[in-house]
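Every read-out reported here was derived from the displayed coordinates using simple, explicitly stated rules and does not represent laboratory data. Just so you know, these numbers come straight off a predicted model, no measurement behind them. Heads up, the Cβs are rebuilt from the backbone with ideal geometry, glycines too, and the neighbour counts pull from every protein chain shown.
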Amino acid sequence: MLPHDTIKSHILISTDILSEFEKLQNKLQPLRVVGFIEEKFKLEHAKAVVSEAYISESQTKYIVLGSKSFGVEAQNSLLKVFEEPPKNIEFIIISPTKSNLLPTVRSRLPIFKGKITHEIKEFDMNLTKIDYAKVFAFLKTNSRISRIEAKELVEVIYARATVVDKLILSNEQLEIFDKAYRLLELNSRPQSVLALILMSFTHAD
């Protein structure tokens, strides 16, 4: 077990949010662990986190934020306190996928993998040989995909492009990936967002 002073603020990717929170409570005893575990993490929850963070502590206090979905407004309101946390405050975010979190949040905290209890979405299309027919077939297959599943797929497509197919993405393509996360947070149709990404590869040389 790690000593308390080595456990710093971080993001934990896990689908078993409650179990991970309970493990943290046990591991970090006798230090205070304050949990904000919500189905959807909203601005009101973020404000409560900030208020809790500014309650002075003589020893390290861990504030745990766990949710299947983090709102954009809520995340933006936490950026300052993540970047300049009050004395003796450490933050731990538990999320089932990195794509739930804004790039600005991910850049402020190290990311670790916890327990993943479902298979990640598969994407076997070679992006160097993509064409309109393959795109339309893929979209038809995924016509009923959920927003959370679409977020996972965006992440998988990015990994496929950069790691497997070894493509160097243009600035326009990188912007499209960033835009995709924002659109899914705003409840855009997952099919439309996936189409936006895949069509950018049909024009890539």
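Kirkwood's formula applied to the C-alpha pairs of the range 127-202 gives a hydrodynamic radius of 12.4 angstrom. In order along the range 23-34, the Karplus-derived 3J(HN,Hα) couplings, from 6.51 cos²θ - 1.76 cosθ + 1.60 at θ = phi - 60°, round to 5, 5, 4, 5, 5, 8, 4, x, 5, 6, 10, 10 Hz, and Gly and Pro are given as x. Given in Å, the Rg to one decimal and the Dmax to the nearest whole number for the Cα atoms of the chain are 18.9, 62. Taken over the Cα atoms of the range 63-133, the convex hull encloses 148 Å³ per residue.
For ILE11, nonlocal amide neighbours, meaning residues 5 or more places apart or on other chains whose placed amide H falls under 5 Å from its own, are ILE93, ILE111, PHE112. Taking 7 Å steps out from each Cα toward its Cβ at SER146 and ASN126 produces label points 3.4 nm apart.
Here's how it looks for GLY35: its modeled amide H is under 5 Å from those of VAL64, which are all 5 or more places away or on a different chain.
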